[in-house]
Amino acid sequence: MGQITLEKVTKSFGDVEVIPPLDLTIEDGEFCVFVGPSGCGKSTLLRLIAGLEDISSGAIKIDGSDASDVPPAKRGLAMVFQSYALYPHMSVRKNIAFPMKMAGVSQDEQNRRIESAAKALNLTDYLERRPGQLSGGQRQRVAIGRAIVREPAAFLFDEPLSNLDAALRVGMRLEISELHERLKTTMIYVTHDQVEAMTMADKIVVLRAGNIEQVGSPLDLYKHPRNLFVAGFIGSPKMNLIEGEAAARHDAKTIGIRPEHIEVTEAGEWQGRVGVAEHLGSDTFLHVHDTGLTDILTVRSTGEMGLRHGDCVSLSPRHDQIHRFDASGLRMA
Amino acid sequence: MARAVSNQRKAINTAVAWIIALLIFFPILWTILTSFKTEAEAIADPPSFLFFNWTLDNYTTVQARSDYFGHFWNSVVISVGSTILGLIIAIPSAWAMAFVPGKQTKNVLMWMLSTKMLPPVGVLVPIYLIFRDVGLLDTRFGLVIVLMLINLPIIIWMLYSYFREIPGEILEAARMDGAGLRSEILYVLTPMAVPGIASTLLLNIILAWNEAFWTLTLTAANSAPLTAFIASYSSPEGLFYAKLSAASTMAIAPILIMGWFSQKQLVRGLTFGAVK
Ligand SMILES: Nc1ncnc2c1ncn2[C@@H]1O[C@H](COP(=O)(O)OP(=O)(O)OP(=O)(O)O)[C@@H](O)[C@H]1O
Ligand SMILES: [Mg+2]
């Protein structure tokens, strides 16, 4: 079991309030991702749940019982750090065994769990090595191994993949998702990465300056961003936000249209000149200037477009995909 | 980080390093050489460097005239004792200051360092009087206390800077893994700090072994360590350069040998953190 509830949780460092009163429930078995710009309090929130920082007020409940004053060692949660935080003086085997040793698991049971974790994480050949003799990806797998053997109520991940190169990141992302499918344990995952958030999460929590801007499933946030901030934050490339006359025509202060919802057509509604064209093969990203709408309008077309710098294009937005926002930045129905 | 250094640069660096090392070592070398001369040769002008009549007379005289092993044992007890007592006090203090710093931690550290700027003679009279009143004059225990106190700021500073190098996340990981404070210190913190603790131990034994102000002023016959043994040969009545040198050589030999065998550990400890 691993349901985690935050009730009016606040956190201040000295006079600075980093987390204003915040309520959030993470259901048992859920994969919950915290995203938000740098410094918005994602790590702080995770560390509050872990117990590595004390909350200033409010309550944290794990499976319904108040854990606010329970030390981290007793909360039954496991954490995977961005820096891996392996014990450098212990072998991989000893690293993985450490939480079980602390919990007083019998030696036979320890060995059984180490073997099965090592097999699942492809670490069998490295069990006798020190962390210093492993690659970044292997170290991260050891950190995950150390977290799973103690069978925690929930896993906490703080940007676990950000030190890895792009290819490894994709591989590890899949491994963590598979792990979640297999274990069905609650996971809370902090990331900067759009793709990680969209692909892994059951539920995304978008934070800004310690406030929750929106909570929802990835598609929910993608289709119905509650405000301009979420609209601009979720999705890559970013949603185009257009003000002025074009917005007024939709009775809105601002309208938003995602790059993938603008088509290059023969005689479209909008005209412009191609600035940079990014050819990815599968897709083409066009950065269009001189539309009279915004500085740069981003357009995403599937397949290869034979368009180059300086070419004139004609564009049509898909009207059913236009998001409308009022003067305070909130979504209009 | 490895930068290509031309061979010429390397040769110059090596030569400069050797010259500096020889300059530093020369007084010790001269002392050792003098200890094998006769008293007349020791003060000969011009002095002879290697071509004199090598003799062991000074050593036999010194050995016959004073109790080398008694002083040696006092030195061991005082230097090792004060260092270990200092570590027992300093390890928890340095942990606290490195991992749970408070608002005043920096000030406390600076204050401790500032006590090292005071000339020891400034507190000689009060300490002497206190020692006289509580009966610690000329006792090994008294010296252990004094040397521990004067070296404590250095021990704490050294340990503090080693501990600061240990990433806090590793300790947090231990906490998340279910380790209480005791397990955290025992299984994670201490093993990681061993190089730092070892080099602090070695350096402080050396400092305490060589300390001459307090060991000379607070001791007479019973607890005098090797520093007092050397000093007893620098008498105003006559010139005993050769015997003084022999005594000095005998006094520094144990610590030189210890330093030689532990130099790897010492250097590693002293440059801890400088190389990632
Ligand atoms: N120990 C601390 N003392 C004072 N301020 C802190 C402390 N830890 C974090 N903060 C502040 O709290 C805010 C949130 O920090 P936090 O590390 O949670 O951000 P984050 O969302 O994880 O950012 P990033 O994405 O860059 O990791 C920041 O403004 C930071 O300066
Ligand atoms: Mg962070």
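Which residue fluctuates most in the GNM of chain B (Cα springs below 10 Å): B:E211, B:E169, B:E39? Taking springs between Cα atoms under 10 Å, the residue moving most is B:E169.
To the nearest whole number, what is the average tally of beta carbon atoms from other chains within 10 Å of the beta carbons of peptide A:101-110?
2
Projecting the Cα positions of A:M198, A:L315, A:Q110 onto the charge dipole of chain A (unit charges on Cβ atoms of Lys, Arg, Asp and Glu, taken about the Cα centre) puts A:Q110 furthest along the positive direction. Counting, for every residue in A:66-73, the Cβ atoms of other protein chains within 10 Å of its Cβ and taking the mean gives 3.
For chain B, a Gaussian network of Cα nodes joined below 10 Å ranks B:W260, B:W111, B:W18 by mean-square fluctuation, and the top entry is B:W18.
Here is how the number arises for chain B: DSSP H runs of 4 or more residues each give -39500 (n - 2.57), the sum is divided by the residue count, and the result at 222 nm is -22500 deg cm²/dmol.
Pairs exceeding 32 Å between alpha-carbon atoms, taken from A:K119/A:K238; A:K42/A:K223; A:K101/A:K203; A:K74/A:K184: A:K119/A:K238; A:K101/A:K203. Ordering B:T55, B:L33, A:H180 by the projection of their Cα atoms onto the charge dipole of the protein assembly as shown, which places +1 on the Cβ of Lys and Arg and -1 on the Cβ of Asp and Glu, puts B:T55 at the extreme positive end. Rounded to the nearest 20, the Cβ-based charge dipole of the protein assembly as shown about its Cα centre (Lys and Arg +1, Asp and Glu -1) stands at 1400 debye. Under a model in which nothing but the beta-carbon of Lys, Arg (+1) and Asp, Glu (-1) is charged, the stretch B:137-205 shows a dipole of about 200 debye around its Cα centre. Of B:Y68, B:Y187, B:Y160, the residue with the greatest mean-square motion in the GNM of chain B, using alpha carbon springs below 10 Å, is B:Y187. Give the average, rounded to an integer, of partner chain Cβ atoms located within 10 angstrom of each Cβ in B:165-173. Mean inter-chain Cβ contacts per residue within 10 Å come to 6.
Only helices reaching 20 angstrom along their own axis (Cα) with mean Kyte-Doolittle hydropathy no lower than 1.0 count here, and for the DSSP H runs of chain B these are B:7-34, B:68-99, B:140-165, B:190-210, B:241-261. Need one word for the stretch B:1-160: rounded, prolate or oblate. Basis is the Cα gyration tensor (sqrt eigenvalues a ≥ b ≥ c); a/c below 1.5 gives rounded, then a/b vs b/c decides. Verdict is oblate for the stretch B:1-160.
Taking the Cα atoms of the protein assembly as shown, the ratio Rg/Rh between the radius of gyration and the Kirkwood radius comes to 1.16.
Of the residues B:I255, B:N74, B:P191, the one whose Cα sits farthest towards the positive end of the charge dipole of the stretch B:67-270 is B:P191 (charges of +1 on Lys and Arg Cβ, -1 on Asp and Glu Cβ, taken about the Cα centre). Here is how the number arises for chain A: DSSP H runs of 4 or more residues each give -39500 (n - 2.57), the sum is divided by the residue count, and the result at 222 nm is -8000 deg cm²/dmol. Rounded to the nearest 20, the Cβ-based charge dipole of chain A about its Cα centre (Lys and Arg +1, Asp and Glu -1) stands at 1080 debye.
The numbers here are math on the coordinates, done by the rules we state, and not lab data. All figures in this text were calculated on a predicted structure; none of them were measured in a lab. Virtual Cβ from ideal backbone geometry, glycine too; neighbours counted across all protein chains shown.
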